[in-house]
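Worksheet for the structure shown next.
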Amino acid sequence: MKLWMVALCLFTFMSCTDIDLDQDFELDTSEVELAVPLFSSQMSIPAIADVSKINGNIEILQDGTIQVNYRGDVVEQSSTQIFPPIPGIFDLPIIDTVQSIQLPANAQDQISRAVIGDTNIDFTFGIDASELVEIEVTLPELSLNGEVFRRTFTIDNRNGDQSTIASGLISIEDHTLLPSNNQLTLRYRAIDEQGQSMILPMATIGFDVFTFNYVEGIFAERTFDIKGDIITIDLFSKWISGGVDFKDPKVTLVVDNSFGMPTKSKVNFLDIITLEGETLNLESSLLSNGIEFEYPSIEEAGSVKETTVIFDKTNSNIQALFSEKAGKVSYDIDALINEGRPQDPGFLTDSSFFRIQVEVNLPIDGKVNDLVLQETTDLDLSSYDEVASMELDHIISNGFPMDMVIQVYFDDATGMELDSLYDNGGLAIDAASLGQDGLVNNSSNIEGTTMIDAIKMETIKNAKSIRVVGRFDTQLYNDPVRLLDIYNLDITMGAKIKLQ
């Protein structure tokens with residue numbers, strides 16, 4: 001019965017790996033020995049690169065090189081956020097038969113043409129005398145399908161019971177507005193019963209909030225906060241020391257723009273934050289000089305232009321930054337509209353937008369500097385007193401072009417190390433050999449046995465977790481190492497247990 005309890009314990013002991021259940025238990029009746037297969041695992045780059053499925057993915061490039069990509073959230077600003085609707089005009093007095101009405105737009109914006117959105121207009125007229133008055137109102141700069149805005153009203157106060165009239169809300173949606181100096185002209189003609197023109201003693205005009213489906217004109221310089229984002233880089237989340245000197249890391253900025261006016265970026269910051277919390281600034285002339293965004297011409301209204309900017313080792317210090325175990329990429333970007341170009345005509349529509357996405361591209365093709373990978377699994381051997389000693393047999397095949405050192409630690413409940421499996425700092429494994437094409441042509445293989453005596457077992461029985469640590473280093477090689485999806489580290493381990 002106790003033999004099976006020991007087997008069950010060891011099965012649980014290495015539960016983080018794949019166990020081959022097809023092998024048989026072998027019992028040496030003369031020495032009471034139990035042979036137990038512990039685990040057989042294959043480690044590849046997708047297993048090492050603990051990439052979040054939420055904002056990251058692993059891509060295999062055409063040459064087989066592995067690239068890890070991280071994308072930030074899409075940051076988008078709409079036309080109403082950048083050019084908010086114009087406030088309404090309420091009960092503006094009309095003091096003459098011809099009157100200019102100033103649109104309450106930004107005084108520095110000169111609107112030359114606009115298509116009105118969901119906007120209403122209203123009029124109120126009043127007379128003093130007990131008579132009938134016919135009123136015709138026109139707005140020459142406002143038209144629909146080529147027809148100038150025109151409305152007629154009648155005030156019949158001959159019985160003294162209708163001295164005023166209110167038009168109610170009149171929709172001017174889809175009307176075309178062609179203002180001059182941001183002004184709209186109102187003309188009215190009031191004719192009394194004798195056919196004489198008159199100035200009404202009371203007249204008003206009102207608009208609710210002005211919205212536009214399309215606006216064309218010359219727009220003042222503006223700075224808009226498009227806000228920023230933080231991209232979490234979890235590639236290094238399992239690596240507890242060392243770093244990767246990436247050969248060609250990149251940060252890609254993609255901007256979609258449907259505003260029809262010159263726009264330039266103002267990058268307030270684009271920082272790399274290490275796992276230790278240190279903030280490192282990305283430096284590039286592209287950041288200091290600003291990035292000109294592509295934008296549609298007036299003839300291309302409704303289309304979207306894309307601008308892609310890549311920060312790499314040729315135009316920035318990004319390669320040095322990503323050798324420091326990056327944990328996050330943090331950025332904040334503003335848009336500068338018409339900077340230094342206030343006389344260039346432009347346009348916007350009700351659906352215009354800026355859309356910005358930042359992507360981090362990390363081709364795992366570089367140098368690994370004493371990089372440490374670790375996995376921890378729960379362990380409990382405290383109830384098994386019958387084990388006198390244990391032999392651990394291992395077969396390891398290193399298919400990576402990197403030297404490796406593997407160590408197994410036994411830790412207590414606080415994470416304090418109690419003991420380790422291998423002497424001399426760990427089990428060293430040579431790098432796989434490379435062919436003339438720079439690819440692995442032969443794996444490096446080792447087999448061996450490690451004895452755990454009764455004294456060591458007394459210590460290990462107090463362990464509450466087992467920690468497997470692997471170290472990689474390519475700094476001894478002159479050329480960067482390419483890590484491909486076909487490279488693996490295969491480990492098979494079994495135990496022979498002698499019972500008291």
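Bear in mind that the values in this text are calculations on the coordinates, not laboratory data. These figures come from a predicted structure and were not determined experimentally. Cβ atoms come from the backbone with ideal geometry, glycine included; neighbour counts cover every protein chain shown.
Which of the residue pairs Lys328/Lys464; Lys227/Lys247; Lys250/Lys328 have a Cα-Cα distance greater than 23 Å in the structure shown? Those over the limit are Lys328/Lys464; Lys227/Lys247.
Between Glu292 and Ile170, the contour length at 0.36 nm per residue exceeds the alpha carbon distance by 39.7 nm.
The trypsin sites (Lys or Arg not before Pro) of segment 151-210 meeting both criteria, a DSSP state outside H, G, I, E and B (loop) and at most 15 other C-beta atoms within 10 angstrom of the site's C-beta, are Arg158. The ranking of Glu339, Glu447 from fewest to most other beta carbons within 10 Å of each one's beta carbon is Glu447, Glu339. By other beta-carbon atoms within 10 Å, ranking Ser79, Ser163 with the fewest at the front produces Ser163, Ser79. The amide H of Asp419, built 1.01 Å from its N in the peptide plane, has Phe410 as neighbours under 5 Å, considering only residues 5 or more places off or on other chains.
Dividing the Cα radius of gyration of segment 253-364 by its Kirkwood radius returns 1.05 for Rg/Rh. Take the Cα of Ile310, step 7 Å toward its Cβ, do the same at Glu134, and the gap between the two points is 7.3 nm.
Here the Debye sum runs over all C-alpha atoms of segment 87-210 as equal scatterers in vacuum, and log10 of I(q)/I(0) at q = 0.09, 0.11, 0.23 Å⁻¹ comes out as -0.27, -0.39, -1.39. From least to most packed, judged by other beta carbons within 10 angstrom and beginning with the fewest, Glu216, Glu299, Glu134 follow the order Glu299, Glu134, Glu216. Taking a point 7 Å from the Cα of Ser351 along the Cα-to-Cβ direction, none of the residues of segment 103-119 has its backbone N closer than 12 Å to it. Neighbours of Ser351 by Cβ distance under 13 Å: Lys/Arg scored +1, Asp/Glu scored -1, total -2. Residue by residue, segment 267-272 carries 3J(HN,Hα) couplings of 8, 5, 6, 9, 10, 9 Hz when phi is fed to the Karplus relation 6.51 cos²θ - 1.76 cosθ + 1.60 (θ = phi - 60°); x denotes Gly or Pro. With R₀ set to 22 Å, the beta-carbon distance separating Leu418 from Glu33 gives a calculated FRET efficiency near 0.30. Rg and Dmax over the alpha-carbon atoms of segment 130-181 stand at 14.6, 44 Å.
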